[in-house]
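Step one of this worksheet: look at the structure below.
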Amino acid sequence: MAKSKKPAKTRKRRSDNEGTEPYWWEKKQLWRCNVSLGFKVDGTALRRTIYAQTEEECRKKRNELLAQHGRGMTSPSDILLGAWLTRWLELRRPYIEDSTFESYSYIVRHFIPEQLRGMHLNTLKRTHMRDLELQLARKELSVSVRSRVFQYLRSAFEEAIEQELIFANPARGIRIKATNKEIQKRTDSSSKALTDLEMETFLTAAEGNPMYPLFYTMFALGLRVSEALGLRWQDIDWNKNVIRIRQQIKRIGGKLKPGILKTPSSIADLPAEPDLLEVLKAHQRTQSNPMLKPENPNLVFRTETGNPISANNVNRTIRRLLVKINQPVFCMIFSGQQVYVQYDEQHQWLMSTTDLARVCRLHPATVRGYRGEYKENLHWVRAQNNARANGQFSVFWTRVGAVAVATGDAKQQLEDLVIPHTPEVTVRHFSSHACRHTNITARGRDGMEASVLSKLARHSRPSTTLDLYRSVFEDETQAAGFNLQKRRAAKKEVPQSYHN
């Protein structure tokens, strides 16, 4: 008679994430078990091994670890902040623009120290975040830049919490304050908008510059510089006097390309006054037969080869014009003639050798300048004067840009001949975005309602327009005086029921 088989011993199947049962490890003479805690950043499984002297102690440690993991109080110890930020950027990439992704990557590379990126994710505390804020403030980074750094860090930590990598956000609640230097800078130049006199002085100086139509458009419509550079000729409706804002120029991968606008509300049809349209028509006539590349759109403002213009070049042109406006003018004496000549910030002549030859009544070929030896605190240039009996004259300038000319034996200590002439009107330093501030402020000064002003500025709330873009000048506050005596006199004429 055959022996009956002994029924196999059945074991209850464990649920997911319950860990293994404790077992005896003969080699180390310890009880141990394994627990799964999810996955690492790279997608591999994250497991912990628990060791104990007794089976009951090992089971207790396992249950405590599982309970902590269920409450989100465990995190992998081998994930570095730098690795997680790289992973977070990849998770965000499908949902953001390429330019935004580059902005995120730039902040991670340049503003988060390598030492901090090398720390483990679960060891980061609020103390490390406060130290980072202090370090960025010492580098004199602006409040907006520092706020953006912590905005990205908070988003990255929130994603780590959602994936159960950490249980608290160390960057939450970190306050970003302006330094005393920033506060003083704001006090010195509290208004970002230009006054009417400053705007007129700047536009007058910009006439004849290739970017004059661009400046006129930004001041007239209050556009962001990227929106103005993205304008196409087909966006201008000459019959309805409307300019459509549909795209902007962005730098993506080191190249300037058209892209979508900042927000959906930025898309708008803005009314254009006849003066602006006349400036644009004159600008269009100068662009006959443009040399455009096939992939480039028909941009209104572009380089001579048809490529988009960089916003940095716009700001660079503004700085050059401001130097021309604000730089003191030195009176140069040319054999008894007085000529006003301006200098840029590098103390270079803004007068060409051709103009110099014309003023000095010389043939241009005989005027050749060069930087000679440094002697007696004077750089000097010598040019041959064939039209004069003494045969030569000398042009000198100092380190500070003072220039004078004497002929023949009349050379002397030339600083005494320099007569500074200060400009009557100066314009404060500003960037291209100040054109937008100036437009919004001018409309507000003319009495435009806040809701309409916010609509034209394409802001989501009127408070944004009034708080951030509407500047109040000194003449407005002085005109808003309150005469208490007139107020008290008017009270006598109010009916008695008014007081009740």
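Values in this text are rule-based calculations from the coordinates and carry no lab data. In this text the structure is predicted, and so the values were computed from the model without any measurement. A quick note on method: Cβ atoms are made from the backbone with ideal geometry, for glycine too, and the neighbour counts reach across all protein chains shown.
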- Specify which residue in the list Asn180, Ala137, Ala160 is farthest towards the positive end of the charge dipole of the range 81-186, using unit charges on the beta carbon of Lys, Arg (+1) and Asp, Glu (-1), about the Cα centre. Asn180
- Query: If you plug each phi of the range 118-134 into the Karplus form 6.51 cos²θ - 1.76 cosθ + 1.60 with θ = phi - 60°, what whole-Hz ³J(HN,Hα) values come out, in order, with x for Gly and Pro?
  - Reply: x, 7, 6, 4, 7, 9, 6, 10, 4, 4, 5, 5, 5, 5, 5, 4, 5
- Phe482/Ser105 FRET efficiency (R0 35 Å; Cβ-Cβ; nearest 0.05): 0.05
- Task: Over all alpha-carbon pairs of the range 83-162, lay out the pair-distance distribution in 5 Å bins, whole %, shortest bin first.
- Result: 3, 13, 27, 27, 18, 10, 2
- Query: Which net charge results for the neighbourhood of Thr127, defined as the other residues with beta-carbon distances under 15 angstrom from its beta-carbon, given Lys and Arg at +1 and Asp and Glu at -1?
  - Reply: +3
- Query: In nm, what is the difference between 0.36 nm times the number of residues separating Ser451 and Val323 and their Cα-Cα distance?
  - Reply: 42.3 nm
- Message: I'd like the FRET efficiency for Asp467 and Val242, computed as 1/(1 + (r/R0)^6) with the beta carbon distance as r and R0 of 30 Å, rounded to 0.05.
- Response: 0.55
- Query: In µm²/s, what is D for the range 123-226 at 4 °C and 1.567 mPa s, where D = kT/(6 pi eta Rh) by Stokes-Einstein and Rh is the Kirkwood radius from Cα pairs?
  - Reply: 74 µm²/s
